[in-house]
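A short worksheet on the structure shown next.
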Amino acid sequence: MKKIKHIFISMAAVTIIAIAGIIVLNGRQLEYSNDIVALNRITIEAGENFEHLEDMKLQADIGAFAIYDLKGKLVYSHGYNASTIVEAMKEANAMQNIILDNVILGTVVLAPAYMEAVHHFRTEIVIILGCVLAAMWGIAAAAAFYINRSIIRPFEEMKAFAKEIAVGNLEMDLKMDKKNVFGVFTESFDIMRTELKHAREKAEKTEKSKMELIASISHDIKTPITSIMVICEFLNVVIKDEDQLAKILSISSKAEQINLMTADLLNSQLGELGELKVTITSILSSDISKMFQVADSQKKIVECKLEHCIVKADKVRLQQVINNLIDNSYKYADTSIRIGSIIAGSRLLISIKDMGNGVAEEEIHKIKEKYYRGKGTENKLGSGLGLYIVNDLMNKMEGGVSFRNEEDGFVVELELELA
């Protein structure tokens, strides 16, 4: 800010000096005098050569003059062009009659001497104004350079910096320059960026730790659940009492549900941690048919027709996708299931259709979201992770999944790239 103050002081000083110079010039008396010697010399030469004035021998610096005849008409001009002697007299010029043998031949009139003084005065004014303008332009250029370097450019840099911060780029360093007007503010702004970066790193670290803890707990839960399911299978063989078998079956069913929910939660956290790996290989459509048979523990698939082809997918992850979809159908529709497929361009489209009520149209675009559970599922066991995991795995296998309601049921369509 001090430099801007100095610039305004400089401009004011130049203006005052210019005004003072003009006042001094304006108050100065113009000094001029007519050259009488030159007038006499011209008069003598003109008298001797009046019939041939062009033959006069005059010095080069004789000055401007004109010669008029007795009628007042201009007969000779040397840098002075008043057309008549009357005009010359109006300008109060020095004049003298040309006399030869006591006869007046004409009149010599010198150009006004004050004209040269006025010319010099105007020249001085122009020089002063030119210097003032040059000084003003110089100061203006210096001011523009300073304002651009110290205000406009730092402001544009801060604007670009703020834009990067707004989109989450906290790695961008802000150039520090305490000489510009934003110097202190720039330093504070960069401190804020650094603190935001540290806070984000801390939050990411905390979130990762939380996901690792959930994944660890989910994995640990699977061990006792598996033991319960194994014991139930054993008891199912050795116990013959129908009531006891029904209770064991109920325990086994609940354990299986807990096992599936835990598996969904584990897979979700592994996906967030980047540990849910996908290895794409070539898979026969006949192998996919077998995957549906493995997933159909309740034998509700009444039709499974797949086109003969080879697709690109991860066999383990595709089995996981199919398990989730069939389990969802059991849980929410509990009807027969039909599997079909068509080849569309470079993709195999597999449709999985049940005869249930489907999903409300206003919710169908949300069911792939994490932890989302639709209306009417309050009494159903589930974590809201199954379709989220299905969508994530299909995307990682360069495929896709979509959902639609039909008049007689609900359809899930898997897209797999042909090999």
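The values are calculated or read from the model by the stated rules, or taken from the named source; none is laboratory data. Note that the coordinates shown come from a computational prediction; the quantities given were computed from them, not determined experimentally. Cβ sites come from the backbone with ideal geometry, for glycine too, and all protein chains shown count toward neighbours. Side chains included, ligands, DNA and RNA excluded: accessible areas come from the protein's heavy atoms. Shrake-Rupley method; radii C 1.70, N 1.55, O 1.52, S 1.80 Å.
Cross-link check: pairs Lys299/Lys396; Lys277/Lys353; Lys315/Lys353; Lys163/Lys202; Lys290/Lys366 evaluated at a Cα-Cα cut-off of 26 Å; pairs beyond the cut-off: Lys299/Lys396; Lys277/Lys353; Lys290/Lys366. Listed peptides 323-330, 61-68, 160-167 appear in the order 323-330, 61-68, 160-167 once ranked by packing, highest mean of other Cβ atoms within 10 Å at the front. Over region 38-78, the hull volume per residue, using the convex hull of the C-alpha atoms, is 69 Å³. The fraction of accessible area contributed by carbon and sulfur in region 301-381 is 50 percent, rounded to a whole number (1.4 Å probe; ligands and nucleic acids excluded).
In terms of the mean number of neighbouring beta-carbon atoms within 10 Å, the peptides 94-106, 392-404 order highest first as 392-404, 94-106. A 1.4 Å probe run over the protein chains yields, for region 301-375, 52 Å² of accessible area per residue, whole-number rounding.
With R₀ fixed at 60 Å, the C-beta to C-beta distance from Glu398 to Glu242 puts the FRET efficiency at about 0.75.
Solvent-accessible surface (1.4 Å probe) assigned to Arg200 amounts to roughly 90 Å².
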